[in-house]
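Read-outs: derived from the displayed coordinates by stated rules, not from any lab. A quick note: this is a predicted structure, and the numbers were derived from the prediction, not measured. Here the Cβ is made from the backbone with ideal geometry for all residues, glycine too, and neighbour counts use every protein chain on show.
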Amino acid sequence: MALFQSSTSIIPDAPAVPRHIAIIMDGNGRWAKQRFLPRVAGHQRGVEALREVVKACRSLGVDYLTVFAFSSENWRRPADEVSFLMSLFLKILEREAANLHENNICLRIIGDRSRFGNELRQTMRKAEQLTADNNALTLTIAANYGGRWDVMHAVQAMLKDHPQLAQGFTEENLSPYLSMSDAPEPDLFIRTGGEQRISNFMLWQLAYTELYFTDVLWPEFGRKELEVAIASYQKRERRFGRTSEQLPGKQEKADA
Ligand code: IPE
Ligand code: IPE
Ligand code: MG
């Protein structure tokens, strides 16, 4: 049974260390271009950055790290870049699954898998099964993922199970069918690479997430930059629709 932790239905805690960080890992191509390298060299370096950030999240006590690896719109890229990314994905899953397992990390993949080849789908399944019971950190990779796909897919799946809900349904009915319904919504969203947009990432789940944008290109992002992002998050006042005076700890001050 999925936990219903919607930021629009309840007032969630605002923990000092984000429980859930969601990252758009952007800027690989530009990093490579600056060095007169092919774009794919940037993707390769991007994997190293991800490895460092996973390690940092685990040691900082973050429970969930969700990263955007391939969007439903990235199929529009040149065919050779797309096929490089697919083989890189396969290679990494094969190479890293055991390592993640040793580090007690649970790996999950979200997105529409129907467009991936059989071998990749099978490797995804195996890596998920191997690491399913791990609990130091949940690393979720969004692959062929789109926020709109997520909502559409959830509505369809819900109606398949409960056709009568076509008459009307609540957020609570829909919530268990969305990707990552058993995780808290992201506390902190990070986008590297300078663009200030969501690019169809977790549209539903980011409702009350703190957004952080940095010009640092993803291959250069690491523990230090992550700590800067978390420090920025810690200075924010998360109100979830309330006034500042209503926040826990502020009430006495307001009454005084
Ligand atoms: C992000 O880096 C990785 C993927 C989308 C797979 P980009 O490849 O988008 O890098 P830029 O934005 O072109 O620099
Ligand atoms: C978003 O980056 C997707 C990933 C990082 C996987 P893009 O580079 O595809 O986003 P746009 O096209 O600049 O919005
Ligand atoms: Mg990009």
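With +1 on each Lys and Arg Cβ and -1 on each Asp and Glu Cβ, and nothing else charged, work out how big the dipole of the stretch 20-236 is about its Cα centre, in Debye to the nearest 20.
With Lys and Arg at +1 and Asp and Glu at -1, about 700 debye.
The stretch 131-204: which trypsin sites (Lys or Arg not before Pro) are DSSP loop and have at most 12 other beta-carbon atoms within 10 angstrom?
Hits after loop and neighbour filter: Arg197.
Just add up the charged neighbours of Ser59: K/R +1, D/E -1, any other residue whose Cβ is under 12 Å from the Cβ of Ser59.
Here the count lands on +1.
Could you work out the local net charge near Leu139, counting Lys and Arg as +1, Asp and Glu as -1, over the other residues with Cβ closer than 12 Å to its Cβ?
Combined, the nearby Lys, Arg, Asp and Glu give +1.
Put +1 on the Cβ of every Lys and Arg and -1 on every Asp and Glu Cβ in the stretch 20-236; which of Val151, Ile110, Leu165 then has its Cα farthest towards the positive end of the dipole?
So the residue furthest toward the plus end is Ile110.
Separation between the Ser244 and His162 pseudo-spin-labels, each 7 Å from Cα along Cα→Cβ, expressed in nm?
About 4.0 nm, to one decimal.
Using a simple charge model, +1 on the beta-carbon of Lys and Arg, -1 on the beta-carbon of Asp and Glu, nothing else, what dipole does the stretch 1-64 show about its Cα centre, in debye to the nearest 20?
Taking the Cα centre of the stretch 1-64 as origin, the dipole is about 440 debye.
How would you classify the stretch 20-236 from its alpha-carbon gyration tensor, with a ≥ b ≥ c the square roots of the eigenvalues: rounded for a/c under 1.5, else prolate if a/b is greater than b/c, otherwise oblate?
rounded
Which chymotrypsin sites (Phe, Trp or Tyr not before Pro) does the stretch 5-83 hold that lie in a coil by DSSP with at most 15 other beta carbons within 10 Å?
Phe36
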